[in-house]
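Asks: The structure follows.
Every number in this text was worked out from the coordinates using simple rules, so none of it is lab data. Just so we're clear, the structure is a prediction, and the values are computed from it rather than from any experiment. Reconstructed Cβ throughout: ideal geometry from the backbone, glycine too, with neighbour counts over all protein chains shown.
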Amino acid sequence: MPPTNTPPWVEKAKRLAAETALSLVQNVRYLGVGTGSTTRYFIDGLGGIQDRFDGAVASSEQTAALLRQAGIPVLDLNETGDIDLYVDGTDAFDPHFRLIKGHGGALTREKILATASRRFIVIADETKRFDRLGDSVSVPVEVIPSARSYVARQIVRMGATPSLRERYLTDNGNQILDVLSLTLTDPPQLERELKCIPGVVEVGIFARRLPELILMATSQFTVERLKPT
Ligand code: 5RP
């Protein structure tokens with residue numbers, strides 16, 4: 001789950017990263033919108049640039065509601081086809097732009113939108129940057145409820161520690177295991193391995209569909225435009 005000891009400058013930095021992303025909404029017909037507090041700042045600004053796109057596809061019911069409140073038409077991915085630009089936050093990223101996402105619970109739809117988009121941009125504050133994903137945060141895994149214990153046992157066999165996110169169901173009606181102590185030396189392989197366990201719907205490791213740009217706001221309130229190394 002997200003850390004609770006967040007430094008006070010972080011909210012302002014999140015807003016700054018999100019506002020910087022608004023200028024990149026150009027030549028877009030359909031915009032994909034992620035989930036979380038950083039993305040919420042992005043949605044706050046979208047109302048003012050509505051003339052630059054036809055509508056948005058939301059990665060969660062929460063985001064869909066916020067978009068509607070801002071007066072933005074919300075469309076289904078089945079109607080739009082591939083989308084032009086997807087903007088989302090992250091829980092962690094490494095120098096190769098591999099991400100851990102899903103602390104907000106929307107990882108499955110987020111991965112679908114990231115993969116179905118021509119461009120994928122992440123907005124974050126610098127507390128999300130880690131040298132190695134293994135040193136960062138727990139990895140959320142969305143599971144079909146009836147397979148929860150089975151999947152948890154397979155994860156324990158891998159040497160990791162799953163814990164059920166209590167009193168929580170995803171927008172897809174599934175549960176989430178938050179997994180600690182995974183060996184994250186090869187994130188793309190681990191993403192594949194976890195995804196192959198029957199009962200796993202999606203994994204919060206994003207190591208195959210990488211963003212092309214991360215807008216990272218620092219504690220000094222500058223925004224770094226990071227490109228993958
Ligand atoms: C939701 C996510 C979010 O992008 C991630 O949790 C970051 O959230 P925040 O912007 O609130 O720090 O993956 O499923």
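Asks: Sorted by mean Cβ packing within 10 Å, highest first, what order do the peptides 142-152, 179-189 take?
Replies: 142-152, 179-189
Asks: In nm, what is the difference between 0.36 nm times the number of residues separating Met158 and Thr115 and their Cα-Cα distance?
Replies: So the chain would gain 12.8 nm between Met158 and Thr115.
Asks: Additional query: Testing the spin-label approximation: label points 7 Å from Cα along Cα→Cβ at Arg132 and Asp76. State their distance in nm.
Replies: Rounded to a tenth, the inter-label distance reads 4.5 nm.
Asks: Under 24 Å between alpha carbons, and skipping anything fewer than 8 positions from Lys14 in its own chain: which lysines qualify?
Replies: Partners found: Lys101, Lys111, Lys128, Lys227.
Asks: How big is the antiparallel share of DSSP beta bridges in the range 1-153, given as a percent to the nearest 5?
Replies: 10
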